[in-house]
1. Angle between the Cα long axis of helix 72-83 and the longest principal axis of the chain, 0 to 90 degrees, nearest 10?
2. For the cross-link pairs 144/259; 12/53; 121/243, which exceed 29 Å when the distance is taken from alpha carbon to alpha carbon?
3. Rounding to the nearest 20 debye, state how big the charge dipole of the chain is about its Cα centre with +1 on each Lys and Arg Cβ and -1 on each Asp and Glu Cβ.
4. Determine the order of 305, 63, 227, 23 by accessible area, beginning with the largest, at a probe radius of 1.4 Å.
5. Treating the angle as unsigned and between 0 and 90°, give the value, to the nearest 10°, between the Cα long axis of helix 277-291 and the longest Cα principal axis of the chain.
6. Taking the Cα-to-Cβ direction at residue 262 and at residue 65 and moving 7 Å from each Cα, how far apart do the two end points lie in nm?
7. About its Cα centre, how strong a charge dipole does region 1-132 have in debye, to the nearest 20, once Lys and Arg get +1 and Asp and Glu get -1 at the Cβ?
8. Do the sum for the chain: with -39,500 (n - 2.57) for every DSSP H run of n ≥ 4, divided by all residues, what is the mean residue ellipticity at 222 nm, to the nearest 500 deg cm²/dmol?
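The values are calculated or read from the model by the stated rules, or taken from the named source; none is laboratory data. No experiment lies behind these values; they were computed from the predicted model shown. A quick note on method: Cβ atoms are made from the backbone with ideal geometry, for glycine too, and the neighbour counts reach across all protein chains shown. Surface areas here come from the heavy atoms of the whole protein model, side chains and all, with no ligands, DNA or RNA. Shrake-Rupley method; radii C 1.70, N 1.55, O 1.52, S 1.80 Å.
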Amino acid sequence: MIPAVMPTYDRKDVAFERGEGSWLHATDGRRFLDFTSGIAVNNLGHCHPYLVKALQEQAAKLWHTSNLYRIAHGERLAQRLVENSFADTMFFTNSGAEAIEGGIKLVRKYQYVNGRPQRYKIICFEQAFHGRTGAALAATGNEKYLQGFGPKAPGFVHVPLNNTNVVRDAIDDETAAILVEPVQGEGGVRSGTGEFLRALRQICDEFGLLLFFDEIQCGFGRTGRLWAHEWFDVKPDVMAVAKGIGNGFPVGAFLATEKAAAGMVFGTHGSTYGGNPLAMAAANAVLDVMLAPGFLEGVRERAAWFHPRLEALVAKYPRVLAEMRGTGFITGLRCVVPSADLVNALFERQMLTVGAGDNVVRIYPSLVAPLADLEQGLAIIDDACKALTARLATATAAGAGNG
Ligand SMILES: Cc1ncc(COP(=O)(O)O)c(C=O)c1O
């Protein structure tokens, strides 16, 4: 019999009732170290007291009015994001996929209002992930996710990451934009190189295309800077954000320069909930914490402490781990064993992580995890890798015996 919750996820048999910082308390009494952070969402940990207070205060005042009226918190948040990014304007959504969809509409409309209505194609990258709705799914381009859902939305071309020649070859008279995650999350914590991302900027300028960054997973402090692209000294025309912006309250946004947003006039886009007072209270509070002097420096410092220790584990367990990847706290361990084996071994030791493409296990502590939590996480990874190595040794010995 089909469960009441549609079975589209292979959920672990655990439910959580309470969270605090890096820790989640399960209904069965177990306590887990959370190095998934809701898949790069709880960047400020669970139940950050400042965020709890902001949301509680807003919940007691006003939840929702619709976008038919001005929303003061939203105007304030938009202004602050404009001041702290390349953008001049933005639209609030409820999720990442909606932010991508909005950005796709925006780049096409830009070409349309500039007298190039034939330009609708978007160049995307292999192993990208942009969400599960119609156009976002087509931008993701993964056949596994597309199968059985009818014709793929037209206009998305996929090329390998970090190869400028193939990008140039993919451009034709119908190309409108290039969409890229500066650091791919689901794809396996794979980063675009600075050289490549800057070359994309040049190509866009040369061909009259818009450069559209998806920072849904890598943005909002995850890399140790507010925006991942700050590491690469390159600016997009459009950017989608979500996840960390609300720390668990569902909110997203697509941001754009004034020039890129030229076609997004009255009536071109809308959302019932997008940017409602609750979401805006959560997101303003997140920004208060992230923009506080020293916050992002602190993230970078702890990440700089963490990375060599992860590297040391890669060196210590060559039969289990192949490589450490990442910037700040968007980190991944590429495995030699199936990545699910490591995720499961960590889960047995009450630590939460999530797999990704390229046989990678994502290691996403919260950005506020103290060194003690990071140390504990490293000890658990060490123990899990030790057990997996021992299991491999036993299997090899058994195999040798059989031979
Ligand atoms: C880079 C990226 N883009 C888009 C999405 C889709 O976001 P959402 O699940 O909020 O629709 C995700 C979600 O994992 C993502 O990582």
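1. It works out to around 80 degrees.
2. Working: 144/259 36 Å; 12/53 31 Å; 121/243 26 Å.
Too far apart for the 29 Å limit: 144/259; 12/53.
3. Numbers: 39 positive and 41 negative charges, 66 e Å.
Dipole magnitude for the chain comes out near 320 debye.
4. Values: 305 50, 63 155, 227 5, 23 30 Å².
Result of the area sort, largest leading: 63, 305, 23, 227.
5. With rounding to tens, the tilt is 70 degrees.
6. With each label point 7 Å from Cα toward Cβ, the separation is 3.3 nm.
7. Numbers: 17 positive and 13 negative charges, 108 e Å.
Here the size comes out at about 520 debye.
8. Dividing the helical sum by the residues of the chain leaves -12500 deg cm²/dmol.
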